[in-house]
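Step one of this worksheet: look at the structure below.
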Amino acid sequence: MTKKQMTIGCGALFLLFLPPAALLGGEPYLISLGSRIVIYALAAASLDLLLGYGAMVSLGHAAFVGVGAYTAAILSYHSFAAEPLFAWPFLFTGSNSGLVVLPLAALTAALAALIIGALSLRTTGMHFIMITLAFAQMLFYFFVSLEKYGGDDGLSLPARNSLPGLNLGNDSHFYYLCLATLALFLLFASRLVESRFGLVIRGAGNNNRRIRGLGIHSFRYKLAAFVIAGGSAGLAGALLANQTEFVSPGLMHWTLSGELMVMVLLGGLGTLFGPVLGAAVFLLLEEILAIYTEHWMVYMGPFLILTVVFAKHGLFGFLTGNRGKNG
Amino acid sequence: MADTLLQVSGLNKSFGAVPATNNLSLTITRGHIHALIGPNGAGKTTLVNQLSGDLRPDSGIISFAGRDITRLKSYRRARLGIARSFQITHIFENLTVAENMGLAICAGRGHNFRFWRHWRSNAAVARELPLALKRVDLHERADMAARHLSHGEKRQLEVGMALIGQPQLLILDEPMAGLGPGGTVELAKLIKKQKGQVTILLVEHDMDVVFSLADRVTVLVYGENVATGSPEEIRGNPLVRRAYLGEEH
Amino acid sequence: MLLVIEQLLNGLQLGIALFLMSAGLTLVFGIMQVINLAHGSFYMIGAYVGATVAAQTGSFLLAMVAGVAAAGACGCIVEVLVLRHLYNREHLDQVLATFGLIMFFNELTRIVWGRQPLYMNVPDGLTASIELLPGLPYPTYRLAVIGTGLLVALALWLLFAKTRLGMKIRAGAANREMVGALGVNVALLYTLVFGLGALLAGLAGVMAGPILAVESGMGESILILTFVVIVIGGIGSIRGAVAGALLVGMVDTLGRAFLPAILRTILAASTADSVAASLSSMAIYILMAAVLVWKPRGLFPAHG
């Protein structure tokens, strides 16, 4: 067993036994914190596909989280209000079933990623960073202006989604749903980066000019990766909407995109599992620092700068000696 | 016998007022190693960029295997069988040697929208990868990240990648640049090994290499084709001696 | 018609603030090839310091000098302490480190000035309105802002077109390698350019003080607009910054002012208002997308 497998194994065991341990220890609050960590881990790991493998520095990833979250909230709003969402080509009054909501949230976010990606990926480098940020901001303002769904104030979900065999109102059940989703994503993504598709994405991230020299038109591969990452972030968003039973434009605020990036970097770029660790450390640090000072960001900022300047390979690299694909 | 693979006629390219390629015509015969020499600033790389499609000529025609490719983009030309290696080493530094080679193998075989199966389990990769690594003597380095290779090995990898998919024309842009004597000998041997299997356009400074490998030599001065002939003819050409070789020796 | 002129002036005023922000930033991008998210922080610092000095001394002129100086000084310090270590790093590192800077500065202002926004008075003598045309009064302060902005633009043009330093900076923005080849002290030039950019951002911040609430995080909303300006104008291009800033300023202001009325002519009032609200908040991003499709490198790309 390699160090990497051991680290992942330990992490998996820890996450798997978190709910019973928290209940035994009389700290049920930890379960919902755990859910939050797992959901952000999903969003961060999906961003790692772009940042760590394709070298696409997207500063608008939170937008897709937000689109997924709003999709879930709007579907369930219409379902409870029994008000048609649209009447053509067929009558649709929303839904509160997770089997409908979660895939639809991922699809909507993927569609948003398709449009934004198709425009943004015409450019590279600094342009790409600014453009992804700008489009995310556009979606932010779009949801702010949606008075019907709460505008600035956001929208509450009447209840969590329903899933056959699970009671998502129960924090443990919900936690395991999130964990299973994360596990499935990580399985898919780690196969993905070693597939032919992944090889092209990594190649394009490393040296796009050379990819063209090989006769590969990298745009559509990058776009596909952007859509996959966006859809996965949308799924994370739908779970997040369920977890807090509330959505607001704040979910897609650009600082959240920045924080997702920080999680990826903290955990280790191009490692997929690293961002899970990064999300856990970031959210825990936030919780713990907030106990001692309300001004935790004044410490987090310089800490971040020092991490960037001096520690390049993240916590996961530190634990496993694995420096990531593009390290 | 003269089977033309690449035909360039009346090619012009200027940057501002400076002509970098000046009414240039050139014929490359299938199966030859055709060397392109010329002093610095003669426009060798500009010409190569136009042949590979990285630069668009102002006027003139480039035809490849009887087909006009003047307006084709670089990746379309690559598909037709023009492979090039770059003056500055152009490999995927962060990928392993095998992954570099695998990517080159996958590139020529349809789309790469395969999300689940490991790239190595692709039939073509499984078949060709060991041979491709062996061809450029890198099979022992297969799982090393390419950035850790020596300079000469990076060149070998690059030539190896360019050879995949049996290109009809291989453009080698100063492959010996920056190599030590040992590396040069190795790489020259490697290029010689390919003779007859692939047509090679060799842009090179090292005259010993050029004269030992080439079937035909073209001399470029100020973007103009001033002489083309066998190595012996070029060596004996007084114009060339004055314009170019005189400076070198 | 008078309303249109008034809104055009408002658009010009937003455009000028955006120009002050983007002129410096586009040079930083073009010359140092470094993406700097913390540019909005200098705007915020200018506004906070300006508001504080104005409240203490009652002199707007002093406030302006202090705000601009503080922002410029902060810029130089940040360049030396942080940015300098990022020039040869990947964009991702630059994004993260400057994101860290934003966190730091935003929180620092909360520590120093608290969470409540500061309000800055319009300077004495500029509180009235001038009747530009019969029936068109316009606040004198806003006119002064427009005038100041135009003066700064003129000064910048003189700097770039007529001085040796300006020529070096322009050369650097168009071709980075050239700066070194010209025998310039590159490190000093970088610090100067960065400081100049921060100074202009600080000026925009001070002048925005009496119009907007001075609060933590105020730099980021204008930063993102600045990015839109730079994307539209082209990285490293002052001309692009002028064109982009005016376009964005006008489209945003005119869209908000007139889209509801225009849409009401074709849609029911309530639908029209909500569609107009969405559309006008997204207008500049749609503009950006259109420019991208047409010219991916911006209207006036500085790099070939």
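The values are calculated or read from the model by the stated rules, or taken from the named source; none is laboratory data. Nothing here was measured: the structure is a model prediction, and the numbers come from that model. No Cβ is skipped: glycine too gets one built from the backbone with ideal geometry, and neighbour counts run over all protein chains shown.
Which ones in region A:277-303 are within 24 Å of the chain's Cα centre (by Cα) and either surrounded by fewer than 14 Cβ atoms within 10 Å (Cβ to Cβ) or of a type in the set (Asp, Glu) (or both)?
Passing the criteria: A:284, A:286, A:287, A:288, A:290.
Can you name every residue in region A:114-134 that is among the small types (Gly, Ala, Ser) and buried (at least 22 other Cβ atoms within 10 Å of the Cβ)?
Scanning region A:114-134 gives A:117, A:120, A:134.
Among A:149, A:141, which is among the hydroxyl-bearing types (Ser, Thr, Tyr), out of contact with any strand residue (DSSP E or B) (no Cβ under 9 Å at 6 or more places or on another chain) and over 29 Å from residue A:184 (Cβ atoms)?
A:141
Scan region A:259-267 and tell me whether some residue there is over 29 Å from residue A:12 (Cα atoms) and not aromatic (Phe, Trp, Tyr).
Checked against the condition, which is being over 29 Å from residue A:12 (Cα atoms) and not aromatic (Phe, Trp, Tyr), region A:259-267 yields no hits at all.
Among the helices (runs of 4 or more DSSP H) confined wholly to region C:1-119, which include 3 or more residues that are touching a Ser or Thr at 6+ places or on another chain (Cβ under 6 Å)? Let's see the steps before the verdict.
Values: elements: C:2-32, C:39-57, C:60-81, C:91-113.
Hits in region C:1-119: C:2-32, C:91-113.
Of everything in region A:208-224, what is more than 10 Å from every other protein chain (Cβ to nearest Cβ) and under 22 Å from the mean Cα position of the chain (by Cα)? Give them in sequence order.
A:222, A:223
Take the conditions more than 14 Å from chain A (Cβ to nearest Cβ), out of contact with any strand residue (DSSP E or B) (no Cβ under 9 Å at 6 or more places or on another chain) and not aromatic (Phe, Trp, Tyr) and apply them to residue C:58. Does it pass?
It is true that residue C:58 is more than 14 Å from chain A (Cβ to nearest Cβ), out of contact with any strand residue (DSSP E or B) (no Cβ under 9 Å at 6 or more places or on another chain) and not aromatic (Phe, Trp, Tyr).
Keeping to region C:249-273, report how many residues are touching a Gly at 6+ places or on another chain (Cβ under 7 Å) and either among the aliphatic types (A, V, I, L, M) or over 30 Å from residue A:148 (Cα atoms) (or both).
2
Could you please let me know if residue C:254 is hydrophobic (A, V, I, L, M, F, W, C) and either farther than 26 Å from residue A:253 by Cα or in contact (Cβ under 8 Å) with a residue 40 or more places away in the chain (or both)?
Yes.
Does residue A:278 satisfy the condition of being more than 13 Å from chain C (Cβ to nearest Cβ), under 28 Å from residue A:171 (Cα atoms) and in contact (Cβ under 8 Å) with a residue 24 or more places away in the chain? Don't jump to the end; show me each part of the working.
Numbers: more than 13 Å from chain C (Cβ to nearest Cβ): no; under 28 Å from residue A:171 (Cα atoms): yes; in contact (Cβ under 8 Å) with a residue 24 or more places away in the chain: yes.
No: the conditions fail for residue A:278.
Which residues, taken from region A:272-296, are outside any helix (DSSP H, G or I) and touching an Asp or Glu at 6+ places or on another chain (Cβ under 7 Å)?
Correct list: A:272, A:295, A:296.
Can you pull out the residues in region A:1-27 that are loosely packed, with under 11 Cβ neighbours inside 10 Å and within 19 Å of residue A:268 (Cα to Cα)?
Matches in region A:1-27: A:2, A:5.
When you scan region B:192-231 for strands (runs of 3 or more DSSP E) that lie fully inside it, which ones turn up with 1 or more residues that are out of contact with any strand residue (DSSP E or B) (no Cβ under 6 Å at 6 or more places or on another chain), in contact (Cβ under 8 Å) with a residue 12 or more places away in the chain and under 17 Å from residue B:8 (Cα atoms)?
Correct list: B:216-221, B:224-229.
Taking only pairs six or more apart or across chains, which ones have beta-carbon atoms under 7 Å, a first residue in region C:156-173 that is surrounded by fewer than 18 Cβ atoms within 10 Å (Cβ to Cβ) and of a type in the set (Gly, Ala, Ser), and a second residue that is modelled with pLDDT of 80 or more and part of a helix (DSSP H, G or I)?
C:166/C:159; C:166/C:160
Looking at (1) away from chain A (no Cβ under 12 Å); (2) in a helix (DSSP H, G or I), can you tell me which one residue C:267 breaks?
Of the numbered conditions (1) away from chain A (no Cβ under 12 Å); (2) in a helix (DSSP H, G or I), the odd one out for residue C:267 is (2).
Condition (residue is crowded, with 24+ Cβ neighbours inside 10 Å, more than 14 Å from every other protein chain (Cβ to nearest Cβ), closer than 18 Å to residue A:177 by Cβ and touching a helix residue (DSSP H, G or I) at 6+ places or on another chain (Cβ under 9 Å)) applied to region A:75-93: is it met by at least one residue?
Yes; the residues of region A:75-93 include at least one that is crowded, with 24+ Cβ neighbours inside 10 Å, more than 14 Å from every other protein chain (Cβ to nearest Cβ), closer than 18 Å to residue A:177 by Cβ and touching a helix residue (DSSP H, G or I) at 6+ places or on another chain (Cβ under 9 Å).
Counting only residues that are more than 18 Å from residue A:76 (Cα to Cα) and surrounded by fewer than 18 Cβ atoms within 10 Å (Cβ to Cβ), which one in region A:142-169 is nearest to the other protein chains (Cβ to nearest Cβ)?
Checked region A:142-169; the qualifying residue nearest to the other protein chains (Cβ to nearest Cβ) is A:152.
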